[in-house]
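Please read the structure below before turning to the comments.
The values are calculated or read from the model by the stated rules, or taken from the named source; none is laboratory data. If you're wondering where the values come from, they're calculated on a predicted model, not measured in any experiment. Cβ: placed from backbone, ideal geometry, glycine included. Neighbour counts: every protein chain shown.
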Amino acid sequence: MSYTNILTEVHGKVGLVTLNRPKQLNALSDALIDELGTALAAFDADDTIGCMVLTGNDKAFAAGADIGAMSQWGFVDVYRNDYITRNWETIRRVRKPIIAAVRGFALGGGCELAMMCDMIFAADTARFGQPEVKLGVLPGAGGTQRLPRAVGKAKAMDMCLTARMIDASEAERAGLVARVVPADRCVAEALEAAATISSYSLPTVLMIKESINRAFESPLNEGLLFERRLFHATFATSDQKEGMSAFLEKRLPSFTNR
Ligand code: CAA
């Protein structure tokens, strides 16, 4: 499959997607999001892939949805085309973990795209922000929902209402990012973490992702029940037998994803 707005590579069992509209700071056009959804869905369906990394370039992960494309759209255009929902939501259906490796700007839809991933590794150059208010709109790809869940109400209000950008260390303190790394190591660290994840039992990894996401969508009792049932379900897998036997036999496990 060849793409115009993204690049894809396979590193062992990791699928790497690089946003590739550098002249527009990776502005997230509909065409780009269509391609991104296709690429992530293809890696998700590929049995040889265990995890994905999504990145941009040194200057920008993505500077937001494509303002040039959006500027003349009317309500009926975006409503009829189901803008955002139609293609951005494809990313939500990906079941394997996705790590966002963010260098430079992650603004507006770029910050929202990073938050749609399962964790963010931020380069020390990363800047996160939701500047939509300056354009007369609000975050439209989950920013007002995922940001407060990640950083709390106070900082989410500050970022969305004032359009203030935060740097990588503030983002880490606030809980938005999992790790801060030197910019030239950002993609490498994400690939290494993704390789580690890919070395584990895929069904178990999928269950962990599903269960953690459940924490944001259900009360504690329901979330705990969901987790407990999935935990019980792992005892029906060969990989649980293999993982525990390998530990007791002091050897590395050999998972078969069954
Ligand atoms: N859409 C379209 N084009 C964009 C863009 C965007 N979101 N962000 C940057 N570009 C383009 C610029 O227009 C410029 O193009 P030209 O060279 O043709 O003029 C090019 O990328 C380089 O940008 P700048 O010259 O502005 O670079 P800079 O270093 O001076 O500034 C920046 C960088 C602070 C990120 C600035 O580009 C900026 O503020 N960008 C817009 C950020 C923004 O408002 N994002 C929110 C978009 S709305 C949204 O995302 C809605 C949603 O929730 C889904």
Among the residues of the range 147-168, is any within 12 Å of the ligand (Cβ to nearest atom), more than 29 Å from Val10 (Cα to Cα) and under 15 Å from the mean Cα position of the chain (by Cα)?
-> yes
Residues that are in a loop (DSSP other than H, G, I, E, B) and not basic (Lys, Arg), drawn from the range 1-41 | Met1, Ser2, Tyr3, Thr4, Asn5, Gly12, Asn20, Leu25, Asn26, Ala27, Ser29
Inside the range 57-106, the number of residues satisfying the requirement of being away from the ligand (no atom under 14 Å from the Cβ), within 21 Å of Thr38 (Cα to Cα) and among the small types (Gly, Ala, Ser) is 2
Run down Leu54, Leu113 and say which single residue is within 10 Å of the ligand (Cβ to nearest atom) and either in a loop (DSSP other than H, G, I, E, B) or at pLDDT 95 or above (or both).
-> Leu113
Which one of Asp77, Asp44 is within 24 Å of Gly12 (Cβ to Cβ), of a type outside the set (Gly, Ala, Ser) and either assigned to a helix (DSSP H, G or I) or touching a residue at least 60 places away in the same chain (Cβ under 8 Å) (or both)?
-> Asp44
Would you confirm whether any residue within the range 211-219 is crowded, with 17+ Cβ neighbours inside 10 Å and at pLDDT 95 or above?
-> yes
Of residues in the range 62-95 being in contact with a Ser or Thr (Cβ under 9 Å, 6 or more places away or on another chain) and not small (Gly, Ala, Ser), the one nearest to Arg127 (Cα to Cα) | Asp66
Taking helices (runs of 4 or more DSSP H) that fall entirely within the range 142-258, which contain at least 3 residues that are closer than 29 Å to Phe128 by Cβ?
-> 143-151, 153-162, 168-174, 186-198, 202-214
